[in-house]
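Taking it in order: structure first as structure tokens, then the write-up.
The values are calculated or read from the model by the stated rules, or taken from the named source; none is laboratory data. Please read all numbers here as calculations on a predicted model, not as lab measurements. As a convention, Cβ positions derive from the backbone with ideal geometry for all residues, glycine included, and neighbour counts pool all protein chains shown.
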Amino acid sequence: MKLAILGAAGSGKGQNTCRIAKHYNLHHVVVGDIVKAEIRNKTDVGKIMYAYTSIGKFVPSDIVMDVLASQLNSFPSDEGFIIDTAPLNMDQYHKLMQLVTLDAVISLEVTDYNVLRRRTLNRLICPVCRAVTSVAESPDNICKQCGATLEHRYDDNIETVNFRIAQYLRETVPVLDEFDKLGKLIRINADQSKENVFSEICQKIDKFFAEQKTKK
Ligand SMILES: [Zn+2]
């Protein structure tokens, strides 16, 4: 199972990706973590990446997708993965599709962007085990899974949330349309409760791969 998951900030990507990875026994590949690891390990490509991030610029898609693809292609062929979060724009899409074959892309779709804004501003993240929760669910600020102190993401504020939503609509939605044309898009209604979102994901993934099998 070779998957990617996309969705606007606050659509529940982090949380659902963790659960999908566990449920289907997939490698959970976080693109941002790969970049950070290269920089931290001061690899050749990490030094190039640092040259961009240290002046507040994004690392070019070509470089990020190369590193992502080499990690994905390093997994044994019988082991699946889920990419969180790429390809985010058409540049990344074209580059990644030359290097990796994806079976399906899960799209977490939200109709009310005010819900996204509220969710993002209330979001708390565990720096240790990566659990994602909210101020309402964890008023004591302690991670229920590992006991660490929860944090807000440094960029979870209204300006960046609005910027991310606009960027998602402009750059990522065209990528979803491409996967849709290929018959590889699994659309999920992310307006529902957490449990309903996750069970819709599992149902649709199971159905998608069952249909793939009968096609072969
Ligand atoms: Zn934790």
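State which residue pairs qualify: first residue farther than 10 Å from Cys126 by Cα and in a loop (DSSP other than H, G, I, E, B) and inside region 144-157, second residue of a type outside the set (Ser, Thr, Tyr) and within 15 Å of the ligand (Cβ to nearest atom) in any location, beta carbons under 6 Å apart, and separation of 6 or more residues or different chains.
Close Cβ pairs (under 6 Å, with a partner that is of a type outside the set (Ser, Thr, Tyr) and within 15 Å of the ligand (Cβ to nearest atom)) amount to Asp156/Arg123.
Pairs only if they're at least six apart or on different chains, beta carbon under 6 angstrom, first in region 122-137 and in contact (Cβ under 8 Å) with a residue 24 or more places away in the chain and within 20 Å of Val161 (Cα to Cα), second more than 7 Å from the ligand (Cβ to nearest atom) and assigned to a loop (DSSP other than H, G, I, E, B); list them, first residue then second.
Listed by first residue and then by second, the contacts come to Arg123/Asp156; Leu124/Ser138; Leu124/Leu150; Ile125/Arg153; Cys126/Leu150.
If we keep just the residues of region 123-136 that are within 14 Å of the ligand (Cβ to nearest atom), in contact with a strand residue (DSSP E or B) (Cβ under 8 Å, 6 or more places away or on another chain) and part of a loop (DSSP other than H, G, I, E, B), which is farthest from Gly10 (Cα to Cα)?
Per the criteria, the residue is Pro127.
Where residues in region 169-208 are under 13 Å from Leu108 (Cα atoms) and charged (D, E, K, R), which of them is surrounded by the most Cβ atoms within 10 Å (Cβ to Cβ)?
Going through the qualifying residues, I end up with Glu200.
Taking the residues in region 93-117 that are over 16 Å from Glu178 (Cβ atoms) and among the hydroxyl-bearing types (Ser, Thr, Tyr) as candidates, determine which candidate is farthest from the ligand (Cβ to nearest atom).
Looking at residues that are over 16 Å from Glu178 (Cβ atoms) and among the hydroxyl-bearing types (Ser, Thr, Tyr), I get Thr111.
Exactly one of (1) more than 15 Å from the ligand (Cβ to nearest atom); (2) outside any helix (DSSP H, G or I); (3) of a type outside the set (D, E, K, R); (4) surrounded by 13 or more Cβ atoms within 10 Å (Cβ to Cβ) is unmet by Thr120. Its number?
Tallying (1) more than 15 Å from the ligand (Cβ to nearest atom); (2) outside any helix (DSSP H, G or I); (3) of a type outside the set (D, E, K, R); (4) surrounded by 13 or more Cβ atoms within 10 Å (Cβ to Cβ), Thr120 fails exactly one: (2).
Determine whether region 105-112 contains at least one residue that is assigned to a helix (DSSP H, G or I), modelled with pLDDT under 95 and under 18 Å from the mean Cα position of the chain (by Cα).
Step one: list which residues in region 105-112 are assigned to a helix (DSSP H, G or I), which gives none.
No: region 105-112 contains no residue that is assigned to a helix (DSSP H, G or I), modelled with pLDDT under 95 and under 18 Å from the mean Cα position of the chain (by Cα).
Is it fair to say Asp62 is over 18 Å from Arg164 (Cβ atoms), of a type outside the set (Phe, Trp, Tyr), in a helix (DSSP H, G or I) and in contact with a Leu (Cβ under 8 Å, 6 or more places away or on another chain)?
Values: over 18 Å from Arg164 (Cβ atoms): yes; of a type outside the set (Phe, Trp, Tyr): yes; in a helix (DSSP H, G or I): yes; in contact with a Leu (Cβ under 8 Å, 6 or more places away or on another chain): no.
It is false that Asp62 is over 18 Å from Arg164 (Cβ atoms), of a type outside the set (Phe, Trp, Tyr), in a helix (DSSP H, G or I) and in contact with a Leu (Cβ under 8 Å, 6 or more places away or on another chain).
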